[in-house]
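A short write-up of the structure that comes next.
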Amino acid sequence: DSLKDSYPKIDWISFAKKFVASFGLKPNLTTTQIEPYDDMAKDFQTFIRLNNVLLGFDQDVWRYISDHWFAQEVKIDAVGSSTMPQKINPIKFENSEGNLGKANAMFEFFARKLPISRLQRDLSDSTVIREMGLPLGWSLLAYKNTSKGLEKIWPNLDLISQALNEDWSILSEAAQTRMRNLGVEDPYSIMKDFTRSGEKINKDKWLEIVSKLPIIDEQKNDLKELTPEKYIGLAVRLTEEAIQEIKSSRK
């Protein structure tokens, strides 16, 4: 206002646009005394969503390790649990989970706090925005720890195979879908009656169930060839396409 009052012949809007653009920036002419933080709030919320995905991943991997689905690299000189020397803590994933929790707590506060300013003149944003580096740093540390943790684990294929072959009930899904395709009436109830015994269904029990299904022998023989390890649908193809999509996005 003071510039327009002192130099009324100058087109200050055009001048401001050209001046800001000369630095390679895009002017924002419809702002208040406080620069809007909507764009930063959006970025913080994006970090929250990304971190939530990784946080869930860390927790799942921790459980897989606890249940021995994943084995960990053993370092003879490494200290494990303070009272259980045989235990190897999945420390990288635990560290990542903790840092992601701290980061998201601050990101959530930033996204909620910064877009709000009393009468567009409140300067409480200045003391908040100074801490922006903390959640970014914690997030980066979490990413690095998850990556390092993944380098030290591998699937325990023998145990996974053993667990799969202890219970073939998952194949009841395949059986009912095939019967539905063949026009068998209410295949869901048929498989429910066969499988809801409260006990695990081993290979022999599964073959016995298949032999009692209301389908011809050729179709039964086809089902008998199916195993829990083979029943993976399009998982391999979907995984390969997802990996390719990620690689393409980084070019």
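The values are calculated or read from the model by the stated rules, or taken from the named source; none is laboratory data. From a predicted model like this one, the values you see are computed outputs, not experimental measurements. Neighbour counts are summed over all protein chains in view; Cβ atoms, including those assigned to glycine, are modelled from backbone coordinates with ideal geometry. Surface accessibility is based on the protein's heavy atoms, side chains included, excluding ligands, DNA and RNA. Shrake-Rupley method; radii C 1.70, N 1.55, O 1.52, S 1.80 Å.
Some values worked out for this structure:
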quantity: Helix axis angle, 157-166 relative to the chain longest principal axis, alpha carbon, degrees; calculated: 60 degrees
quantity: Value of [θ]222 nm, deg cm²/dmol, for the chain, DSSP H segments ≥ 4, -39500 (n - 2.57) each, nearest 500; calculated: -19000 deg cm²/dmol
quantity: Set 148/230; 102/251; 200/224 screened for pairs whose C-alpha atoms are more than 21 Å apart; calculated: 148/230; 102/251
quantity: Charge dipole magnitude, Cβ of K and R +1, D and E -1 - segment 190-251, Cα centre, debye nearest 20; calculated: 320 debye
quantity: Burial order of peptide ranges 22-31, 47-56, 140-149 (average beta-carbon count within 10 Å, highest first); calculated: 140-149, 47-56, 22-31
quantity: Principal-axis tilt of helix 12-21 within the chain, Cα atoms, nearest 10 degrees; calculated: 50 degrees
quantity: Cα-based helix-to-principal-axis angle, 171-181 vs the chain, degrees rounded to 10; calculated: 90 degrees
quantity: Residue-level accessible surface for residue 40, protein heavy atoms, 1.4 Å, Å²; calculated: 50 Å²
quantity: Sequence-distant residues sharing a close amide H with residue 201 (under 5 Å, placed H); calculated: 168, 169
quantity: Most mobile of 197, 117, 211 in a GNM of the chain (Cα contacts under 10 Å); calculated: 197
quantity: Identified option (computed Cα Rg over 2.2 N^0.38 Å; candidates (1) 1.66; (2) 1.19; (3) 1.12); calculated: (1)
quantity: Length-normalised contact order of the chain in % [C-alpha pairs under 8 Å, at least 6 apart]; calculated: 17 percent
quantity: Nearest-0.05 FRET efficiency for residue 248 and residue 60, computed from C-beta distance (R0 22 Å); calculated: 0.25
